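Novice: Below you will find the structure I want to go over with you.
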Amino acid sequence: WDNADFSRGVGTTFYQEFSTLNTAKPPFVRDVEAKVRRYLRSSYSAAWTLKITWEKAPVYAAWTDTRKTITYQAILTTDGFRSYILMLYQDGGMQWDYTRLTSTNVLIGYT
């Protein structure tokens, strides 16, 4: 685990909400539904989806180095009964230098 540090004005965070209950679904939401169906082998129809993007996020503490940044997303989605999260990272995975962390037991994702 490590923290992003936006205190130096490098990078940004933004979000987009998709409320799709009884409305036409945009291609992004249809793609999320397809991923949930494929990875979990279950039927799924999203009622609500939230996409959060951290773009060019520098590692904490940004005052040491703002050159190594990453872009990643968390996508939360629910059908009202089941909820899922997709964690997506830029091509090449995590770009922060994990060898500089105090802990060397580093994983991308959650358990």
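The values are calculated or read from the model by the stated rules, or taken from the named source; none is laboratory data. Every value quoted in this text rests on a predicted model; they were computed, and no experiment measured them. Positions of Cβ are generated from backbone atoms using ideal geometry, with glycine treated the same way; all protein chains shown enter the neighbour counts. The accessibility values were calculated without ligands, DNA or RNA, using every heavy atom of the protein model including side chains. Shrake-Rupley method; radii C 1.70, N 1.55, O 1.52, S 1.80 Å.
Novice: Can you pull out the chymotrypsin sites (Phe, Trp or Tyr not before Pro) in the range 9-65 that DSSP calls coil and that have at most 12 other Cβ atoms within 10 Å?
Specialist: Values: sites: F14, Y15, F18, F28, Y39, Y44, W48, W54, Y60, W63; in loops: Y44, Y60, W63.
In loop regions of the range 9-65 (DSSP not H, G, I, E or B), the sparsely surrounded chymotrypsin sites (Phe, Trp or Tyr not before Pro) are W63.
Novice: Right, next: Can you give me the % of accessible surface on the range 1-86 that is carbon or sulfur? Probe 1.4 Å, all protein chains present, nothing else counted.
Specialist: Its accessible area is 54 percent carbon and sulfur atoms.
Novice: What distance in nm separates the simple spin-label points at Y89 and R30, each placed 7 Å from Cα in the Cβ direction?
Specialist: If labels sit at Y89 and R30, their model points lie 3.0 nm apart.
Novice: Give the residue list of trypsin sites (Lys or Arg not before Pro) in the range 1-40 that are DSSP loop and have at most 14 other beta-carbon atoms within 10 angstrom.
Specialist: Details: sites: R8, R30, K35, R37, R38; in loops: R8.
Sparse-neighbourhood loop trypsin sites (Lys or Arg not before Pro): R8.
Novice: On to the next question. Please get the size of the charge dipole for the range 1-56, origin at its Cα centre, with Cβ charges of +1 on Lys and Arg and -1 on Asp and Glu, quoted in debye to the nearest 20.
Specialist: About 320 debye.
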